[in-house]
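Written out below as structure tokens is the structure these notes cover.
A short reminder: the numbers here are calculations on the coordinates, not readings from a lab. A quick note: this is a predicted structure, and the numbers were derived from the prediction, not measured. Cβ placement follows ideal geometry from the backbone for every residue including glycine, while neighbour counts extend to all protein chains displayed.
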Amino acid sequence: MGGHKSFGGHKSFVVRKAAAFASIFATSCGVVPAQTPPPAPAVSATAVVSRQITETSEFIGRVTAIDKVDIVARVSGFIEERLFAEGQQVKKGDLLFRTERATYKAAVDQARATLAKAKATEQNAKLQLERGKELLRSQNIPQATVDQRAADEAAAQASVLEAQAQLDQAEINLGYTEIRSPIDGRIGLAAYTVGNLVGPSSGKLATIVSQHPIYVVFPVSQRDVDYKRRVAQPGSAEQQSVQIRLPDGTAYTYAGVTNFLDVQADPTTDTVSVRAQVPNPEGQLIAGAVVAVTVERGPPKSALTIPQSAILLDQAGRYVLVVGADKKIEQRRVTTGVEKGRNVIVTTGLKEGELIVVEGIQKVRPGQTVTVSVVPGT
């Protein structure tokens with residue numbers, strides 16, 4: 001009996017040692033007990049929404065001044081004064097240059113004297129004719145003499161008209177010594193300084209361009225028939241509104257309105273020029289600059305939009321990560337349309353109200369369960 005108990009105790013000791021050895025072996029081999037699974041990753045999602053979107057087309061346009069005037073000298077003379085600062089705004093009638101006046105003032109005085117002399121001659125011829133007619137009634141003068149005096153009076157009247165015309169021309173030339181702005185606008189660089197001799201052959205002295213309003217001209221493809229039908233002449237109810245985007249990408253404050261469609265196409269580009277008139281009260285648009293022109297095409301339509309940040313791209317194309325009703329991530333292929341600010345139009349692949357991941361995209365993969373925080377769309 002005693003030996004049996006000793007054998008049993010020894011067996012129990014061996015089992016305990018084997019279990020301890022197995023535990024140490026398992027630990028040394030990297031086998032650990034089962035642990036609690038990690039929490040589901042957190043993502044932010046937004047709903048696919050339907051918005052009223054107006055379809056647009058974009059073109060490249062060039063800013064053009066409505067009025068552009070090259071200032072030239074109408075008469076020859078030395079520039080005595082320049083009465084503007086280059087680049088300043090000028091009004092119609094503002095004095096810009098003054099050239100020497102003495103020569104043209106003298107010509108006016110001379111023309112006035114000639115006119116006075118012609119009037120005196122005319123007065124004398126008139127009196128001689130009246131006397132001749134009185135003498136003719138008493139037959140103290142021949143008819144031929146009276147006829148000659150009548151001709152002399154007519155010639156004197158013609159001389160008065162000629163002298164008056166010469167005086168008018170002299171006064172006009174004197175007025176040309178003061179060169180004034182013919183339009184409202186902004187004046188550019190002066191080509192001549194004070195002291196230079198200028199005249200009709202000197203070319204432009206400066207250039208003035210109007211700034212408010214201003215034109216934007218852009219080419220439209222001949223194939224764009226729908227848009228061309230919507231462009232109309234001034235005063236028509238079918239005039240089209242356009243939006244301008246500046247070279248730095250910012251939107252221009254004021255909208256323009258189309259007012260002209262060219263009567264012929266450019267044979268080299270197969271395009272027709274369209275012109276829009278745009279307000280420019282601050283002078284932000286400068287003649288000759290290139291801008292982007294956005295044109296609305298038809299009435300607003302309902303379209304699904306999502307944030308651009310939700311769009312992912314791989315070799316197969318564009319896709320988004322959709323959060324299903326079971327909080328699992330699904331990869332969904334989509335077809336996108338035009339961009340609208342921070343959003344983009346989705347034409348296929350999504351339904352209104354579905355949740356798409358916008359933040360935490362890099363932390364999840366298709367089929368994974370996530371914790372969702374819904375954020376409003378932009």
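Rounded to 0.05, the FRET efficiency of the Ala255 and Lys68 pair, given R0 = 35 Å and the Cβ-Cβ distance, is 0.90. Within the range 52-77, list the residues whose amide N lies under 16 Å from a label point set 7 Å along Cα→Cβ of Ala289. In the range 52-77, the label zone of Ala289 (backbone N under 16 Å from the point 7 Å along Cα→Cβ) covers 60-66. Computed extension gain for His212 through Ser241, at 0.36 nm per residue and net of the alpha carbon distance, reaches 8.7 nm. Counting only residues at least eight positions apart within a chain, or on another chain, the aspartates and glutamates with an alpha carbon under 17 Å from that of Lys117 are Asp109, Asp152, Glu153, Glu162, Asp168.
Shape class for the range 317-378: prolate, because the ratio a/c of the largest to smallest gyration tensor axis (alpha-carbon atoms, square roots of eigenvalues) is 1.5 or more and a/b beats b/c.
With K and R counted +1 and D and E -1, the other residues having a Cβ less than 12 Å from that of Gln143 yield a net charge of +2.
Of Thr371, Thr305, the sequence from fewest to most neighbouring Cβ atoms within 10 angstrom is Thr371, Thr305.
Placing dummy labels 7 Å off each Cα toward the beta-carbon, the span from Ala191 to Ser57 is 4.0 nm. Counted residue by residue at 0.36 nm each, then reduced by the alpha carbon distance between them, the extension gain from Val49 to Val372 reaches 114.5 nm. Filter Lys68/Lys340; Lys301/Lys351; Lys328/Lys351; Lys327/Lys351 down to the pairs with a C-alpha to C-alpha distance above 26 Å, please. In this structure, Lys68/Lys340 lie more than 26 Å apart at Cα. First check a/c for the range 264-339, with a ≥ b ≥ c the square roots of the eigenvalues of its C-alpha gyration tensor; if it is under 1.5, answer rounded, and if not, answer prolate when a/b is larger than b/c or oblate otherwise. Since a/c reaches 1.5 and a/b is larger than b/c, the shape of the range 264-339 is classed as prolate. Considering all alpha-carbon pairs of the range 69-206, what whole percent are spaced by more than 21 angstrom? That fraction is 58 percent. A DSSP coil position with no more than 16 other Cβ atoms inside 10 Å describes the following GluC sites (Glu not before Pro) in the range 269-378: Glu282, Glu352.
Set the Förster radius R0 to 41 Å, insert the Cβ-Cβ distance between Leu136 and Ala106 as r into 1/(1 + (r/R0)^6), and round the FRET efficiency to 0.05. Let's see the in-between values first.
Working: r = 45 Å, r/R0 = 1.10.
Here the calculated transfer efficiency is 0.35.
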